[in-house]
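Chemist: A single structure is presented below for examination.
The values are calculated or read from the model by the stated rules, or taken from the named source; none is laboratory data. Given the structure is predicted, the values throughout are model-derived calculations rather than measurements. Counting neighbours? That spans all protein chains shown, and the Cβs are built from the backbone with ideal geometry, glycine included. Calculation scope for accessible area: heavy atoms of the full protein, side chains included, ligands and nucleic acids excluded. Shrake-Rupley method; radii C 1.70, N 1.55, O 1.52, S 1.80 Å.
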Amino acid sequence: MTNIYKTIKLKRGKEESLKRFHPWVFSGAIDFLPEDIEEGDTVKVVSSTGDLLGMGHYQIGSIAVRMLSTVDEAIDGDFYATRLRNAWALRTCLGLTVNPENAFRLVHGEGDFLPGLVVDVYGDTAVMQAHSPGMHFARNIIADALTTLADGRIKNVYYKSETTLPYKASLDPQNQYIKGGFTTDIAIENGLKFRVDWLRGQKTGFFVDQRDNRSLLEHYSNGRNVLNMFCYTGGFSVYAMRGNARKVVSVDSSEKAIRLTEANIELNFPGDTRHEAAAEDAFKYLSSISKGDFDLIVLDPPAFAKHRSAIKNALRGYQRLNAKALEKIASGGIIFTFSCSQAITREQFRLAVFSACAQTGRKVRILHQLTQPADHPVNIYHPEGEYLKGLILYVE
Ligand code: SAH
């Protein structure tokens with residue numbers, strides 16, 4: 001029995017979702033909060049009748065507790081080490097740990113039973129993001145546990161939570177190495193090399209979640225004129241090059257992204273003149289091209305809806321963007337279209353794409369329905385963990 005933790009008691013009937021293993025307690029479900037509770041505390045959660053429901057991290061906000069365990073146990077170094085070993089075992093099962101230089105997601109929050117924590121691995125460096133105060137306070141013991149995995153393969157842990165922690169918690173986290181320091185920034189994905197800038201890049205520096213979809217793009221690229229819209233580090237572009245595309249144009253509104261893309265193309269295909277890049281707004285660029293210039297277009301925009309309140313506008317945005325690409329793509333063309341907005345459902349996204357198709361009158365068929373890769377697993381009790389959706393369209 002662990003008696004060191006404060007106890008949160010739920011209102012009557014509010015234990016039901018926890019009994020179905022959903023990992024969140026909403027603030028409205030709480031009957032009793034200890035007076036001395038502080039944000040980030042590890043707590044015990046009990047039902048109105050005092051039955052133990054599990055252990056979790058407390059925070060102020062609509063999600064008040066993120067559950068870590070359904071039994072009475074210590075949430076300490078051994079706890080994190082066990083969870084991380086399980087996460088590693090899954091990535092080994094997926095074949096991702098075979099090459100020590102690989103890029104992959106090791107911890108996907110609730111999907112790895114560690115709500116509030118994201119860890120991406122780039123060779124011997126782990127980039128760690130805390131989304132909850134509890135994970136912020138546990139960062140050092142988590143970093144210790146990370147460096148014990150697979151005989152110490154991870155040498156460096158970069159903690160990057162300045163933009164992921166709740167602002168109101170005033171934790172003032174510093175982005176910094178908490179283990180080791182810089183070794184190399186080149187990581188491998190499906191045998192291709194990518195320079196990953198976790199110091200200055202978005203999120204952890206690279207979007208590992210498009211790995212499988214990039215492989216599919218490689219498969220479709222042969223002889224095609226490819227437009228990679230919202231290219232960021234040029235992931236899709238590098239795969240299209242290997243897939244023998246005739247021409248690849250990468251577009252992003254950020255100059256920095258364009259430089260990253262060009263560096264990654266050069267790293268894999270030095271001196272190859274099939275690639276061009278443009279720092280341009282997506283809508284402007286799509287308006288400027290002629291119908292038929294491209295027969296493969298990738299649309300992988302940033303999340304248009306970060307919150308529920310933005311869903312309507314976001315859906316209009318997806319419709320407008322897809323309609324532009326549909327107007328311009330050659331006959332027999334292929335569109336890879338994505339939404340990474342967690343607030344938008346698969347059905348809503350498909351409806352937005354349907355509306356775009358209907359608006360342009362093109363004859364369109366769905367070839368594949370895409371999602372996030374297996375190193376971003378969805379905890380079946382937490383459907384909210386499914387966020388990436390995509391469609392591959394064949395346009396006549
Ligand atoms: N496809 C990328 C990830 C895209 S992230 C990959 O596989 O890694 C989204 C990118 O969209 C960012 O790089 C951002 O700079 C860019 N972006 C945001 N708004 C844009 C706009 N209006 N036009 C073009 N690019 C935009």
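Chemist: State the three equivalent ellipsoid semi-axes of the stretch 161-274, derived from the C-alpha gyration tensor as the square roots of 5 times its eigenvalues, in descending order and whole Å.
Modeler: So the three semi-axes of the stretch 161-274 are 30, 15, 13 Å.
Chemist: Also: Using the Cα centre of the stretch 250-368 as the reference point, and only Cβ charges (+1 on K/R, -1 on D/E), how large is the resulting charge dipole? Debye, rounded to the nearest 20.
Modeler: 820 debye
Chemist: Taking a probe of 1.4 Å, how large is the accessible area per residue of the chain, in Å²?
Modeler: 44 Å²
Chemist: Tally up the carbon and sulfur contribution to the accessible surface of the stretch 245-395 as a whole percent, 1.4 Å probe, everything protein left in place.
Modeler: 51 percent
Chemist: For the chain, give the share of DSSP beta bridges that are antiparallel, in percent and rounded to the nearest 5; count only bridges with both residues there.
Modeler: 60 percent
Chemist: Moving on. Counting helices only, and only those DSSP H runs with n ≥ 4, report the 222 nm mean residue ellipticity of the chain as the sum of -39,500 (n - 2.57) divided by its residues, in deg cm²/dmol to the nearest 500.
Modeler: After summing the helix terms and dividing by residue count, I get -8000 deg cm²/dmol.
Chemist: Let me ask another. Have a look at L286, N244, L199 and report the one farthest towards the positive end of the charge dipole of the chain, computed about the Cα centre with Cβ charges (Lys/Arg +1, Asp/Glu -1).
Modeler: So the residue we want is L286.
Chemist: Can you pull out the chymotrypsin sites (Phe, Trp or Tyr not before Pro) in the stretch 178-228 that DSSP calls coil and that have at most 16 other Cβ atoms within 10 Å?
Modeler: F182
Chemist: Under 10 Å, Cα contacts only: if you run a Gaussian network model on the chain, which one of A257, A310, A325 comes out with the highest mean-square fluctuation?
Modeler: A310
Chemist: A further question on this structure: Given the options L326, A310, N213, identify the residue whose Cα lies farthest towards the positive end of the charge dipole of the stretch 195-342 (+1 on Cβ of Lys, Arg; -1 on Cβ of Asp, Glu).
Modeler: Going by the charge dipole, the pick is A310.
Chemist: Please check which bits of the stretch 216-257 a label hung off N313 would reach, taking the label as a point 7 Å along Cα-to-C-beta and the cut-off as backbone N under 16 Å.
Modeler: From the stretch 216-257, the list is empty.
Chemist: Go through K168/K256; K306/K363; K306/K389 and tell me which ones have a Cα-Cα distance over 22 Å in this structure.
Modeler: K168/K256; K306/K363
Chemist: Report the rotationally averaged projected area of the chain based on its alpha-carbon convex hull, in square nanometres.
Modeler: Reported value for the Cα convex hull: 19.8 nm².
Chemist: Please identify which residues in the stretch 243-266 have an amide N closer than 15 Å to a label point set 7 Å out from the Cα of D197, following the Cα→Cβ vector.
Modeler: Label zone hits: 252-266.
Chemist: Okay, next question. Place +1 on the Cβ of every Lys and Arg and -1 on the Cβ of every Asp and Glu in the stretch 1-40, take the dipole about the Cα centre, and give the residue among I4, P34, P23 whose Cα lies farthest towards its positive end.
Modeler: Of the options given, the answer is P23.
Chemist: Eigenvalues of the Cα gyration tensor times 5, then square-rooted: what semi-axes does that give for the stretch 69-142, in whole angstrom, largest first?
Modeler: 22, 14, 10
Chemist: Counting other Cβ atoms within 10 Å of each Cβ, which trypsin sites (Lys or Arg not before Pro) in the stretch 1-93 have at most 11 and sit in a DSSP loop?
Modeler: Within the stretch 1-93, the qualifying trypsin sites (Lys or Arg not before Pro) (loop, at most 11 other Cβ atoms within 10 Å) are R12, R20.
Chemist: Run the quick spin-label model on R365 and I380: label points 7 Å from Cα toward the beta carbon, then report their separation in nm to one decimal.
Modeler: For R365 paired with I380, the spin-label model returns 3.4 nm.
Chemist: How large is the dipole of the chain about the Cα centre if only Lys and Arg carry +1 and Asp and Glu carry -1, each at its Cβ, rounded to the nearest 20 debye?
Modeler: 1320 debye
Chemist: Take S331, project a point 7 Å from its Cα along the Cβ direction, then tell me which residues of the stretch 376-396 have their backbone nitrogen under 11 Å from it.
Modeler: What the label zone holds, given the 11 Å backbone N cut-off, is 396.
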